[in-house]
1. Name every residue in segment A:31-66 that is touching a Ser or Thr at 6+ places or on another chain (Cβ under 6 Å) and facing another protein chain (nearest Cβ under 10 Å), in order of residue number.
2. Collect the residues in segment C:264-303 that are part of a loop (DSSP other than H, G, I, E, B), at the interface with another protein chain (Cβ under 7 Å from one of its Cβ atoms), within 18 Å of the chain's Cα centre (by Cα) and within 26 Å of A:Lys118 (Cβ to Cβ), keeping them in residue-number order.
3. Scan segment C:69-81 and report the pairs whose first residue is assigned by TED's automatic domain parsing to the domain that holds C:Met92 and whose second residue is among the β-branched types (Val, Ile, Thr), with Cβ atoms within less than 9 Å and a gap of 6+ or a chain change.
4. With the condition kept exactly as written, say whether any residue in segment A:262-274 is more than 14 Å from chain B (Cβ to nearest Cβ), crowded, with 20+ Cβ neighbours inside 10 Å, under 24 Å from the mean Cα position of the chain (by Cα) and within 30 Å of C:Ser169 (Cα to Cα).
5. Any residue in segment A:108-125 that is among the β-branched types (Val, Ile, Thr) sitting within a Cβ distance under 9 Å of a residue that is assigned to a helix (DSSP H, G or I)? List the pairs, counting only those 6 or more apart or interchain.
6. Kindly list the number of the only condition in (1) within 28 Å of A:Ser132 (Cα to Cα); (2) out of contact with any helix residue (DSSP H, G or I) (no Cβ under 9 Å at 6 or more places or on another chain); (3) within 10 Å of chain B (Cβ to nearest Cβ) that fails for A:Leu207.
7. Being of a type in the set (Lys, Arg) and either assigned to a helix (DSSP H, G or I) or within 12 Å of A:Pro176 (Cβ to Cβ) (or both) is the filter here; which residues of segment A:236-271 pass it?
8. Of the residues that make up segment A:1-18, is at least one over 18 Å from the mean Cα position of the chain (by Cα), of a type in the set (A, V, I, L, M) and closer than 20 Å to A:Val178 by Cα?
Amino acid sequence: MNLAHKNTLNWIMVTFVLFIVLLLAGMFMRIIQANMFSSAQSWFYPMMTLHGVGMAGLWWVASIACASRVLSRYTAPSECVSRFALYGTVLGVLFLLASVFLGQFAAGWYFLYPLPFKGGWPTWATLSFLLSITILGATWLVWILDLLRSIAKKYTIGQALGWHYILGKTGPDVPPAVLITAVSLIAGVACLLSGVVVLLFFYYEMLTGVANDALLMKNLTFLFGHLLVNLSLYLAVAAVYDVFPSYTGRPWPSNKIVAISWNSVLVIVLLAYFHHLYMDFVQPTYFQYVGQIASYMSSIPAAVVTVFGAIALVYRAPVRWSLGFTLMFFGLMGWGIGGIGAVIDSTIAVNSKLHNTLWVPAHFHTYMIEGLVLMVLGYFYHYCQEKTKLQENLYFQKIIAALILVGGYGFLLMFYLSGAHSIPRRFAVYPADLSSGAQLSGIALIFISIFLLGLVLYIYETGRRWVKSLDV
Amino acid sequence: MTFNFTSLKSRTVWIKIFLLLTVVFIIAPLKAQEQEKEILEKVSKSLYNQVPDVEISLPNNQKLLLSELWKDKPVLINFFYRECTGTCNPFLRSLKTTVEKVGGISEDYRILSLSFDPKDGPREVAAMAEAVGVEKQKDWMFGTIKPIDIQKISDAIGFWYRLDSKTGQFDHASSITAVRNGKVIRVLLGSLVTPTRFRDMLYELKGTFVPTYSNPGENVLFRCFRVDELSKSVKFGWGMLILFIPGFCALLIAGVLFHKSSHSREPMGLS
Amino acid sequence: MKKFSAMIATLFVLIMSGGAIGANSGENSFQLKCAACHSIGGGDQIGPDLMGVTKRRDPNWLSQWIIHPDKMLNEKDPIAMELLKKYNQVPMPNLGVTEAEARDLIDYIAAQSETQKKDSAVPAQQTTQEPPSAGVFFGGLKGVQLTALVVFFVLSTIVVFVFWQIAKSTRQPVPTIDMKSAYKLRKWFFFGTAVLVFGTLIATLPKTPYPDDFQTPDRLVYVAAKQFGFSFSSEPITSASDAGQSTIINSLELPQGALIEFRVTSLDVNHGFALYDADHSIIAQTQAMPGYTNRLRVRFPKPGTYQILCLEYCGLAHHLMHAAVTVR
């Protein structure tokens, strides 16, 4: 078994294990919110922290793993670095688990300054958490720099970003997956660097006692968090771009429009994060306007170019609806729907009523659980199936996809309704006035169970192929 | 029996003590609660109110209208009375210290200290100015107004006072009311005038809201905003620049990476 | 003799009212400093249920524990360590309780424990959760929230419909499609999206909640958020010493229809400041950030009680952080 294959299989296994564990942590949160297990209430916020950091980190590495596999078709990323990234990620997760389970660290996934210092948990738990984020950030930075290096080895920066298409040339051919990955990785460097700056400020304060500016820390934290989640999505989309043609039998090449749209994404994604600070009225007002304009603009390359392109590719194509393709196809749909929820919330006038209500988890869970997750799971299935060529029972696979879609969207609907009802996010227990929040969480639990059933069946279906491909 | 409860004398003493305790324990807390509500009502209601344009008399018997004072620069109005054994003196001294520390008097604002005691005349207010040590400061004026105007103006700017007939002393608020073009902009409460709050008030008089503050003894690494004393405005600090560093560095790193690899790059074939 | 009975009566009144005031201040302190983590007879929360704690523990130990728990934890007091272990390593924080306040608190807890005990002799009412009715989904939705939900449903339905049609179309496959007409369609799609995007931008950008300096509010209220409560004042509170000097308003009352400016800051971590109307729907919000003052301007449309909730996660008792304002 070659190293590249082994690495990919390892990443798939890590993803499956962590996804189940973190999903159960999320389910635990909804159980507490439904007032069903009140003796464990004090674990709500630590679990929220674990679920948040875990999921954001997990899907980030999972989509880099996909992008790295896709990239290896065109360039030569170092497999040793990929292995290093795996070990680094596992080490970081261990520190995270220690801080949450032993220290009850609970500052939330974006550990907003200065809460880590003022939460009542022991200092070592804060330190362990910060070390965990440092290890993860440093590892990932090495990993994405290596992927960028592999692109740079073959393409000039102009080619990698498709500038020659914009100038009207048609060659040399640069696959869209390379273009999208290059854009995402460059923005990814900015993402991890802002994380580094935040961490440096935290450590500096721990060592010297010199305080930090809360607004600056908030800006940097959201720059980091916003980019991390958005870029995970784009990297998964790159994998979809690469795999779709093999199912539909039609090419999906780069062209002028694709190049323009992804170059604009590079600018937009760095500016849209301002929408996280709409309710900080001291932030300069034109930053807020830039935030809304950039957030609105980001819908054009996504919807008009990528989703439209995918639709044109599938329309009346001789597609075989295997589990891999079905999940990726509906993953694009989830991306679109989540995007609508996001654009609505990125309207300043609307955000004033929806900010930090459950509408926020509603929209990002949509493009995560029904977008990014489906694309990555679809790609993992595709990868294992390509290696093993096992017989596919399409009827059974349709049931799996249906369970995942029905469970997922039912669960999300409860979030959207709660958001419209002004139910706050991140509340362990809802006040009596907002008891509808508890009822909706109860209903959400039914749908989570359906999703979980679908997920278990998916892991069975993909796991069989994973086991078999160990011998390839 | 050495201690007789029923003796007339001790009985009156006990009753007196009980009555006093009743006042202390029941009425005083209730009254304090009433008062705090009242203060917010008064201060809050007086904001942006029009101040009546009354006539004031200065110690040199010069008479002028308030509007003559606020027509070119804002006026900080406060009240005192000469005979005060309580907060008036320390309050005015604290204001003086703060004014010296913060500066800007004459250029940016005037101060007007008015007596609300009808007994005070030109001599008393002049003596007060001297006691505080600001008699030579031409933009810190001490003056008196007609008793009928005292009520009018104190209602408009959130000041209150009442005479305690037993002691002959006034029970009154300690506050500074910042007036710009005849309108109340801010009211500073309390007998201690702190420089930070005073400075914030001066900025607000200029129409600049200062969105950030730092507490004494607090050391902050990079701030997003700084207050520019020269232009009296809020400007970006180094913190705002730091926001652009990650994005800028990312582009730089990408540029360097691609440039470095250009030597070892195989030329792309027309595959 | 008459005077004597008057004296007794005064004494009686005094004791009763003194007791009432003591209990009252004990209750206030409890709500302010303890209720975030403890209940009396309501079961364990972040910290233990305090029902009967005054009988369980030595009074001296209890008051020391209330006044400086941090010190006792540092000294590794055996009971303190046991509690720390039992309650998931969440330490009891030092809340700056004075000795007098601790006495009030202990009296209040003792009194409450007694009343609770009497109450529990009567069978407790079963608090069953009502089965959710349709009202839980759409009942009471209004304003911006309703519009957002409707727009979301309409656009999402279009997306689902398109994807479904595309999926169905693969039943009649053709080897290639006419890309020219596809590009033409994309052009129209692009224009459609652009018009929608720019139209909405132009319509919504002027409706931002940020204060403009040309409008002067009628009232000014300073708000200081702190783990886990809000204080209101007529003066800025930016530090604990300010809180001692300024007059804190316990019951905030504001006029209906007037333009109120809340100047919101925080004394510790980031908090939220969200106003909920009587229908439990958010009417406005801003963040409370240490070192900064956010100005939120609101007109209360109707008289009544408006709840204030913290909407930025601020620690283990975040969901218990609230206040209220009465509008007349």
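The values are calculated or read from the model by the stated rules, or taken from the named source; none is laboratory data. Values in this document were obtained by computation on a predicted structure and should not be read as measured data. FYI the Cβ positions are ideal-geometry reconstructions off the backbone, even for glycines, and counts take in every protein chain you see.
1. Keep residues of segment A:31-66 that are touching a Ser or Thr at 6+ places or on another chain (Cβ under 6 Å), which gives A:33-34, A:59-63.
Within segment A:31-66, A:Gln33, A:Ala34 meet the criteria.
2. If we filter segment C:264-303 for residues that are part of a loop (DSSP other than H, G, I, E, B), which is where we start, we get C:267-270, C:277-281, C:289, C:291, C:293, C:300-303.
Subset that is at the interface with another protein chain (Cβ under 7 Å from one of its Cβ atoms): C:268-270, C:280-281, C:289, C:291, C:293.
Cutting the leftovers down to within 18 Å of the chain's Cα centre (by Cα) gives us C:268-270, C:280-281, C:289.
Residues satisfying the conditions are C:Asp268, C:Val269, C:Asn270, C:Met289.
3. Note: pairs meeting the criteria are C:Met72/C:Ile79.
4. For segment A:262-274, residues more than 14 Å from chain B (Cβ to nearest Cβ), crowded, with 20+ Cβ neighbours inside 10 Å, under 24 Å from the mean Cα position of the chain (by Cα) and within 30 Å of C:Ser169 (Cα to Cα): present.
5. If the second residue must be assigned to a helix (DSSP H, G or I), the pairs left are A:Thr123/A:Phe117; A:Thr123/A:Met206.
6. (3)
7. Of the residues in segment A:236-271, the ones of a type in the set (Lys, Arg) are A:250, A:256.
Passing the criteria: only A:Lys256.
8. yes
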